[in-house]
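The values are calculated or read from the model by the stated rules, or taken from the named source; none is laboratory data. Given the structure is predicted, the values throughout are model-derived calculations rather than measurements. Cβ placement follows ideal geometry from the backbone for every residue including glycine, while neighbour counts extend to all protein chains displayed. Calculation scope for accessible area: heavy atoms of the full protein, side chains included, ligands and nucleic acids excluded. Shrake-Rupley method; radii C 1.70, N 1.55, O 1.52, S 1.80 Å.
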Amino acid sequence: MFEHPYWWDDGAAPQPAEHGKLPTSVDNIVIGAGLTGLSAGHVLASEGRSVLVLDAADPGSGASSRNGGMIGGGCRIPTRTLVQRYGSDLVADLLRELHVDAVKYCLSLMEKEKTHCDFQMTGRYIAQWLPGHLEHAVRDLELTRSLAPVEADAISRSQQSREVKTDRYFGGILYRLQGGLNPAKWTHGIRCAAERAGAHVRGRTPVMGVDRNGSRIAVRTSGGTIRCKQVLIATNGYTHGQFDDVGRGIFAVPSFIVVTEPLGEDRLGQLIPNNRMIVESRERHCYFRASPDRQRLIFGGRAALFQASSSFTRRELRKLIHGIFPELSDVKISHCWKGNTGFTFETLPHLGENQGVFYALGYCGGGNSTAPYLGYKAAKQMLGSAEGRTALSCTRFTRRFWYRKSPWFLPLADVAFRLRDIRSDLQNRRARSTR
């Protein structure tokens, strides 16, 4: 059985919203009370709109408060591939927004709203699993820096011990404008800001559908039908079949995270000397960091592409921890939980609109900065402001005709990835033995 997230232990567990009779009409309805929806609700309410933010569960209880607690920019697609897809001008804007603008917006929001979320500007180290990965990463970084003001440096394998003490990696890229936080506190802080601005946040109110009727939109919920002028769908990895047009372009990938028993600051500091956020280049995509008090290791990775059990997850992630840090062979796991990340088929976030129904989603596991930022951009578009312009509205949002409601293809992909994992591990072992 899965536990609740470690982040919820420090008094930051999502709280249910007060229940009461729903209004029959508001200016704007936001569906999804995570980082995107709460951020949008905050901006809309601050501009005088009557706003209702709805969630099927307790507000903020999804991936927004369950993730690994890393905040920073970037995307999963190499810059060279992005340029081939969209051209250098659009990609320059895209990279600037993802790497710089989104982070700076979040830092400004933290300061303005006095959000205490254990934020630390630590930098993030992208560790390279194979020597060839580092060569490609360095070339891609050169192209990235030629297009956008990204603060990053290449780290050779001989210099790597100051970032992470393991022989499993072959150097990496250190991104400076990135850090760590408690995502539950971050989500709670934005919720408080939205409610102070006048937004009404309502949980445990599933939305069954959205119907357009001329200039008005009817949102059907478990508590009745509400009419509004505009809707924002901000459900990301918790998008279901009631939003068919949007739902065919977003699918949920399960994310699994464990936390170790207290290791002590000295022991953990030997493994991650500069307290960096660490992410891998291998397809397992392991990521890990010290807890904010530097006592525990927080570790996530692709344990499975299906809804695996807690015992399976613990076993898989323990093996991955031991593979990176053999000295932690005796470590015990104190917390194990899961959540849903939202992926688009383009592997990029997207902000779109169709007849007054806006949608902002698809963070592909990197939403702590991009989700609040895209919520802000979505709200500005709903307000008709030029501040709503974003390159993330100019990327493609691909739907698949063969995909409806359930991502049936993920268990098949899981088998393929496990075969590739075996090959990748063998390549890593051979490369280490020849160096």
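Work out, step by step, the length gained on full extension between S88 and S215: first 0.36 nm times the residue separation, then minus their alpha carbon distance; give nm to one decimal.
Here the segment from S88 to S215 would lengthen by 41.9 nm.
Write down, largest first, the equivalent ellipsoid semi-axes of segment 141-252 in whole Å, where each equals the square root of 5 times an eigenvalue of the alpha-carbon gyration tensor.
44, 18, 16
Relative to the Cα centre, what is the charge dipole magnitude of the chain, using +1 at the beta carbon of each Lys and Arg, -1 at the beta carbon of each Asp and Glu, and rounding to the nearest 20 debye?
900 debye
When the chain is treated as a GNM, springs tying every alpha-carbon pair under 10 Å, which of R124, R66, R420 comes out with the largest mean-square fluctuation?
R420
What accessible surface, in Å², does a 1.4 Å probe find on H200, ignoring ligands, DNA and RNA and rounding to the nearest 10?
Estimated to the nearest 10 Å², H200 gives 120 Å².
What does segment 226-356 give for Rg and for Dmax, in Å, if only its C-alpha atoms count?
18.6, 59
How much accessible area per residue does the chain have, in Å², with a 1.4 Å probe?
Computed with neighbouring chains in place, this is 41 Å² per residue.
Could you give the distance between the Cα centres of segment 261-312 and segment 381-435, to the whole Å?
Here the answer is 21 Å between Cα centres.
Give the residues of segment 312-341 whose amide nitrogen is closer than 20 Å to a point set 7 Å from the Cα of D425 in the direction of its Cβ.
312-333, by backbone N distance to the label point.
Ignoring everything except DSSP H segments at least 4 long, calculate the 222 nm mean residue ellipticity for the chain; use -39,500 (n - 2.57) per segment, divide by total residues, nearest 500.
Calculated at 222 nm, the ellipticity per residue is -10000 deg cm²/dmol.
Would you calculate the separation in nanometres between label points at M121 and S311, each defined as 7 Å from the Cα along the Cα-to-beta-carbon direction?
Label at M121, label at S311, 4.8 nm between them.
Could you list log10 I(q)/I(0) for the chain at q = 0.12 Å⁻¹, which the Debye formula gives when each Cα is one point scatterer?
Scattering profile of the chain, log10 relative to I(0): -0.99.
Just need log10 I(q)/I(0) for segment 1-138 at q = 0.12, 0.16, 0.17 Å⁻¹, Debye formula, equal scatterers on the alpha-carbon atoms, no solvent, rounded to two decimals.
At q = 0.12, 0.16, 0.17 Å⁻¹ the computed log10 ratios are -0.72, -1.11, -1.18.
What figure, in Å² to the nearest 10, do you get for the accessible area of K319 with a 1.4 Å probe and non-protein molecules left out?
Its accessible surface works out to 120 Å², give or take rounding.
Report, in degrees rounded to the nearest 10, the 0 to 90 angle that the Cα long axis of helix 310-324 makes with the longest principal axis of the chain.
Here the helix axis deviates by roughly 40 degrees.
Over all Cα pairs of segment 69-148, how is the pair count split among 10 Å bins, expressed in % and running from 0 up to the last occupied bin?
Pair shares across the bins are 16, 41, 30, 13, 1.
Past 21 Å, Cα to Cα: identify those pairs from K319/K405; K338/K380; K21/K185; K104/K377; K185/K319; K338/K377, in the order given.
The answer is K319/K405; K338/K380; K21/K185; K185/K319; K338/K377.
List the relative contact order of segment 314-435 as a percent without decimals, with contacts defined as Cα pairs under 8 Å and 6+ residues apart.
That works out to 17 percent.
Using alpha carbons only, how many degrees (0 to 90, rounded to 10) separate the axis of helix 367-382 from the longest principal axis of the chain?
Between helix and principal axis, roughly 30 degrees.
For K229, go through the aspartates and glutamates and keep the ones whose alpha-carbon is under 14 Å away, minus same-chain ones fewer than eight residues off.
Here the aspartates and glutamates satisfying the reach criterion relative to K229 are D27, D211, E353.
To test your reading of the geometry: what angle, between 0 and 90 degrees and rounded to tens, separates the Cα axis of helix 410-433 from the longest principal axis of the chain?
Tilt relative to the chain: about 30 degrees.
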